Amino acid sequence: MKRERFASSLLALSIVGCTAPGHLMSVPSYMDTQIMPITGELLGAQEAARQRTPAKLPSVSSLQNKSYGNYAYRIGPNDILSIIVWEHPELTSPAGKFGTAEEGGRLVSPDGTIFFPYAGTVRVAGKTLEEVRAMLTNALARVIENPQLDVRVASYRSQRIYVVGEVETPGPLPITDVPTTVLDAISKAGRVTERADLVHATLTRDGKPYAINLLAMYENGDMTENIVLEGGDALHIPDRSRQRVYVLGEVPEPTTLVIDDGTMNLTEALGGAGFANPETAAPAYTYVIRGTAEKPRIFRLFGKSPAAFVLADQFQLKPQDVVYVESKQLTRWSRVLNLLLPVRIVNPPQI
């Protein structure tokens with residue numbers, strides 16, 4: 001609904017511009033805004049504002065990262081442990097020698113414990129495999145001389161990470177004894193789709209979202225955000241449906257452009273639509289309309305100024321911006337006359 005009202009407001013602006021004596025776009029009285037010229041001072045103020053304004057989401061690099069070197073899997077409820085006691089098959093495989101590792105394993109109960117002969121009920125949740133092996137070795141040493149144990153996870157069931165959004169196979173992935181980074185998780189979920197917005201991915205941990213710039217990883221090799229994931233993490237890769245700008249008015253190809261790498265300047269947007277039409281456009285009246293119908297902001301580029309190319313190249317657009325190129329006054333009057341006075345040829349002369 002807001003986009004429809006915004007489009008209606010834009011249409012009102014163009015109609016008022018057609019009836020005005022000059023080229024300058026007039027603003028309807030119900031819109032509390034003004035047209036701001038794009039100047040060096042405006043660009044400087046916008047750059048300063050960007051530097052002062054904190055990011056909407058903290059970067060995922062601000063999280064305390066677990067490196068490969070100090071990573072250790074910690075057991076959780078519903079994991080199945082394979083416990084081997086050398087030279088004591090009756091303790092190693094209660095299900096028999098033909099059973100699978102899972103069938104002969106020890107299921108970690110919801111309260112985080114397992115039962116093992118001669119050791120009794122042992123709390124294993126939150127502990128590493130080495131810690132559990134040491135606990136069981138000490139317990140069995142009371143009845144077995146110099147017990148030799150090996151403890152492994154037969155099935156990882158307790159912890160999951162979730163990859164959702166624009167990947168080929170979204171869904172949960174198990175946390176294992178091998179650390180899983182952001183790029184590892186995406187690789188396991190299949191490659192990202194063509195609709196993926198790689199600049200604005202997010203990671204949610206403990207209910208708090210963090211920003212991830214996947215494009216910087218893929219194109220620049222910046223691995224600062226390629227952190228090791230933890231159980232419960234949710235990695236979301238959005239689509240680019242909101243990362244668009246619209247170029248309308250007197251351009252050869254009015255179009256919708258996608259902001260692929262997170263940035264797009266006014267020159268790139270105009271170039272994507274073929275720049276201003278030299279026969280019908282008034283490039284001195286190029287506008288950028290930003291915001292909603294209730295609170296729009298309008299910027300004007302004096303397209304005939306020698307500095308226009310530099311200013312347009314430095315003016316950064318935002319998602320959902322509308323770039324509008326005004327038409328010449330003669331072009332507008334010609335179109336009005338064509339509507340009011342259509343040419344009709346009655347009884348054409350015989351040749």
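Quick notes on this one:
- Inter-label distance, residue 122 to residue 46: 6.5 nm, where each label sits 7 Å from its Cα along the C-beta direction.
- Between residue 218 and residue 86, full extension at 0.36 nm per residue minus the direct alpha carbon distance yields a gain of 42.8 nm.
- Set of aspartates and glutamates with alpha-carbon distance to residue 304 below 14 Å, sequence-local pairs under 8 removed: 326
- The calculated FRET efficiency for the pair residue 70 and residue 194, based on their C-beta separation and a Förster distance of 35 Å, comes to about 0.40.
- Gain in span if fully extended, residue 255 to residue 329, counting 0.36 nm per residue against the direct Cα distance: 24.3 nm
- Listed residue pairs exceeding 24 Å between alpha carbons, taken from 56/318; 127/208; 188/318: 127/208; 188/318
- Treating r as the C-beta distance of residue 305 and residue 61 and R0 as 41 Å, the FRET efficiency rounds to 0.50.
- 14 Å cut-off, amide nitrogen to a point 7 angstrom out along residue 107 Cα→Cβ, residues in the range 73-88: 77-81
- Overall dimensions of the range 234-309 by Cα: Rg and Dmax, Å: 14.4, 53
- When the alpha carbon gyration tensor of the range 105-263 is reduced to an equivalent ellipsoid, its three semi-axes come out at 50, 13, 11 angstrom, largest first.
Rule-based calculations on the coordinates, nothing more; no lab input. This one's a predicted model, so the numbers in the text were calculated from it and none came from an experiment. Heads up, the Cβs are rebuilt from the backbone with ideal geometry, glycines too, and the neighbour counts pull from every protein chain shown.
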